[in-house]
Structures are given as structure tokens and as C-alpha cells.
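The values are calculated or read from the model by the stated rules, or taken from the named source; none is laboratory data. In this text the structure is predicted, and so the values were computed from the model without any measurement. A quick note on method: Cβ atoms are made from the backbone with ideal geometry, for glycine too, and the neighbour counts reach across all protein chains shown. For accessibility, only protein heavy atoms count, side chains too; no ligands or nucleic acids. Shrake-Rupley method; radii C 1.70, N 1.55, O 1.52, S 1.80 Å.
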Amino acid sequence: MALIINQPIRSFLNALAEIAGESSSPRVIASIHKAVSEAIPAAMDYTLIDVASSKLGRFHVVMIYLNVHHPIQGELVDELRLSIKSACEKRIGLVEVEVVLTATPRLLAR
């Protein structure tokens, strides 16, 4: 009897968390980190500052915060975004990715 009641409640709470924009699980964040390291060329001099992700319905919204240690053009940022998106989709499914170039961690930027 408890299983019959717990399962619908758990499903409802999971759906509510997705609607509210709850952060992705640590497992998903770890997969995103691996995807970023695979997607960015090894020769590129950068520091991965932070990764933020929320699951919204069927897809994840992913923000990648990078400190690139040399000037780059917008076209390269677009290429990085598409490359990271492709690598993430292979690991976690549908994603929307944005790349933010910054030197400051996002929580300290205020």
C-alpha cells in the first residue's frame, strides 16, 4: 500500500522540482564537466570557472563560465557553445547551453 502512495507523490515532487528550476543532480554536473573538457580543444588556454545546470521538463539548461586567457572572437565562442552542446547531449540528453566568458566566479561577481 505504501508503494502505491509513495510513487505518485515522488513523481509529483520530481515534476514540481523541475518546474521550479531545481539544480541538476551532482551526477549530471559531473557529466557536464567531462563533456566540457572533451569539447574544448586541449590547446586552448582556459580555466573552467563554474558550471550551472537546471532541468526544465525534458531538457537541461546549462551555463558554462570560462576564463579564456587570451583574446577570442565571437565566432569561436559560438563554436565552443555548439561543441559543448553536442558533447553534453551525448551524455545527458537534450540541453540548451550558454557560454559566459568571465574572470570572476559567478557567486563573487555581485
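Only one of the numbered conditions (1) in contact with an Asp or Glu (Cβ under 7 Å, 6 or more places away or on another chain); (2) open to solvent by less than 40 Å² (accessible area, probe 1.4 Å); (3) at pLDDT below 80 is violated by residue 106, and that is (2).
Do we find a residue being part of a helix (DSSP H, G or I), open to solvent by 30 Å² or more (accessible area, probe 1.4 Å) and within 22 Å of residue 24 (Cα to Cα) anywhere in segment 40-61? The answer is no, given that none of the residues of segment 40-61 is part of a helix (DSSP H, G or I), open to solvent by 30 Å² or more (accessible area, probe 1.4 Å) and within 22 Å of residue 24 (Cα to Cα).
Results for (1) in a helix (DSSP H, G or I); (2) surrounded by 16 or more Cβ atoms within 10 Å (Cβ to Cβ), shown as yes or no for each residue.
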residue: 66; (1), (2): no, yes
residue: 71; (1), (2): no, no
residue: 78; (1), (2): yes, no
residue: 85; (1), (2): yes, yes
residue: 91; (1), (2): yes, no
residue: 96; (1), (2): no, no
residue: 99; (1), (2): no, yes
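Test residue 17 against the stated conditions and say whether it is at pLDDT below 90, over 20 Å from residue 86 (Cβ atoms) and either aliphatic (A, V, I, L, M) or within 9 Å of the chain's Cα centre (by Cα) (or both). Spelling it out, residue 17 is indeed at pLDDT below 90, over 20 Å from residue 86 (Cβ atoms) and either aliphatic (A, V, I, L, M) or within 9 Å of the chain's Cα centre (by Cα) (or both).
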